[in-house]
Every structure is written in C-alpha cells, then in structure tokens.
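Undergrad: Before we start, here is the structure in question, set down as structure tokens.
The values are calculated or read from the model by the stated rules, or taken from the named source; none is laboratory data. Here the structure is a predicted model, which means the values were calculated and not measured. Ideal geometry is used to build each Cβ from the backbone, glycine not excepted, and the neighbour counts take in all protein chains shown. Each accessible area value is taken on the protein alone, full model and side chains, heavy atoms only, with ligands, DNA and RNA left out. Shrake-Rupley method; radii C 1.70, N 1.55, O 1.52, S 1.80 Å.
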Amino acid sequence: MRVNKIISIIVFLFFVQIGFGQKTDLKLLVGRVQEQSTSLEGVNIINNATQAATVSDSDGNFSIAVHEGDVLVFSAVNLEPVKRRISAEDLTVSSLVIKMTAKEVELKEVIVNENANITAENLGIIPYGQKKYTPAERKLYTANSTSVDKLLNAISGRTAMLKKGVNVEKKEALFRKLEYLFEENYYTDRLKIPVDDIKGFQLFCVDDADFAVSLNTKNKTMSMFLITDLARKYLTILENEK
C-alpha cells in the first residue's frame, strides 16, 4: 500500500509539472495587420484559446501572448475576418504580417422618384434609346448645334465656359455619391480627418481621377483603398498650412 501511495504522488507531481510547463510556455507575438500595402488600424485580435484580446494601433502593429498552436482571430468592420493558427515558425519572426481583404460591398444607388415607371420615353416625348443630357450638357450641345453657333460661341468664350459648367456638374454628382458612401465617424475615427474639414476632404477626393472611377463604377472596395491614401495626403496638406 505504501509503495502504491508513493507511485500515485510521483504521477501527480509529474502531471502538475507538465501543467505548469504549459502555462509558462506563453510567448509574446508581435505583428502588423495590412490590406495590400496599407496598414490597418482598429483591427480586433482575439486568442481563441486564452480569450486574450488586443487592437492594432495606427500603424497596424499589435502584440499578444500566445502558445504554439493557438488560433488568433482578426476582425474589423468592412474587412473579411482572418483566422491564423500560430506555428513554431511564426514565433521565430520579428514581426508577423497578417494580410486582410476588404469586404465586397456593392453600392446602392439612391433614387428619389415617386413615379419611377413614368419617363419621357414612356410618354412618347422622346424616342427610346436617345441620349439623355444633363442641363449643363444640353446647353453645351445647343451652343455647338450649328457651325455658326459653334464659331460665335468659341470666339466669345461661351463654349469654354459651358465646358467648365459640365465639369462642375460631374463633380457635383460625384460629391453627392461620396456623401452617401461613408458615415461621418468613418472620416473622423478611421481616416483621422477633423470634422470641420470633412467637406473639404470630400472635394479633394472627387478631384482624383482614380477615385472618381471607383465612385462611378460603384466599387466600394477600391474607394476604401484609395480614400485611405488620399486622407494621408490631405492631412499632410493641412499640416503644412498650419
């Protein structure tokens, strides 16, 4: 009986030692979260095994305690979640890079029209398939409708003025689309744009050709990617103006 008791104590101490060994095997993992080449701020990182949690900083950097084999979950609004099982190799690198991708969200076009099915074509006012002009485009078209009008308006400078009007009208349309795209807190919290400078930043964005294309094609993923870089440039301008 005494021998069995001694053996039981030895086995118990052996398992206790293993347990303590596992608990002290925690290592601090340092990493950075990116979308393509852009660092991501505000990404939530949770260790599924220990429930430890942290958030990436303004440069996308984070640190969290892990064991080899733990699963980390990376998540944020407008980003696809990522799960990463930590390997022995991950624990040897100086900084683990985690790549995330933006969620594909199709922009919804807002149309205010109580009689959506009643159009000039349905009423027989204009033929089906005829090009539709905006007010500014209609004025420009009229100014060039005949060779005499075209010549006279070119000499007087009216044609150049009307062309500027068309460009302004297009930018106004882009500006309205951008207003519906992001909430105010996206500019202030994510992009760090001061609330008083949001309208100015939006005008700065619609002047960018690539960003204008992303708005017109309703590609929100591309808009989110481009607006991050535009925000950095705009903040630099604001800083230089001080």
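Undergrad: Within segment 206-217, take every residue that is without any contact (Cβ under 8 Å) to a residue 24 or more places away in the chain and not hydrophobic (A, V, I, L, M, F, W, C) and give me the one that is least open to solvent (accessible area, probe 1.4 Å).
TA: Among them, the one singled out is 214.
Undergrad: Which ones in segment 76-106 are assigned to a strand (DSSP E or B) and either open to solvent by 40 Å² or more (accessible area, probe 1.4 Å) or at pLDDT below 90 (or both)?
TA: Of everything in segment 76-106, those that are assigned to a strand (DSSP E or B) and either open to solvent by 40 Å² or more (accessible area, probe 1.4 Å) or at pLDDT below 90 (or both) turn out to be 76, 79, 80, 81, 83, 84, 85, 97, 99, 102, 106.
Undergrad: Hey, can you tell me all the residues within segment 37-55 that are of a type outside the set (Ser, Thr, Tyr) and open to solvent by 40 Å² or more (accessible area, probe 1.4 Å)?
TA: So the first thing to find is which residues in segment 37-55 are of a type outside the set (Ser, Thr, Tyr), and the list is 40-49, 51-53, 55.
Once the filter is applied, which keeps residues that are of a type outside the set (Ser, Thr, Tyr) and open to solvent by 40 Å² or more (accessible area, probe 1.4 Å), segment 37-55 yields 41, 44, 46, 48, 49, 51, 53, 55.
Undergrad: Looking at 33, 73 in this structure, which one is touching a Pro at 6+ places or on another chain (Cβ under 7 Å), of a type in the set (A, V, I, L, M, F, W, C), surrounded by 13 or more Cβ atoms within 10 Å (Cβ to Cβ) and modelled with pLDDT of 90 or more?
TA: 73
Undergrad: Tally up the residues in segment 218-238 that are in contact with a strand residue (DSSP E or B) (Cβ under 7 Å, 6 or more places away or on another chain), surrounded by fewer than 18 Cβ atoms within 10 Å (Cβ to Cβ) and in a helix (DSSP H, G or I), please.
TA: Matching residues across segment 218-238 total 2.
Undergrad: Among the residues of segment 185-205, are any touching a residue at least 60 places away in the same chain (Cβ under 8 Å), closer than 19 Å to residue 38 by Cβ and buried (at least 18 other Cβ atoms within 10 Å of the Cβ)?
TA: yes
Undergrad: Quick test of your reading of the structure: residue 41 fulfils all but one of (1) part of a strand (DSSP E or B); (2) under 29 Å from residue 229 (Cβ atoms); (3) touching a residue at least 12 places away in the same chain (Cβ under 8 Å). Name the failing condition by number.
TA: (1)
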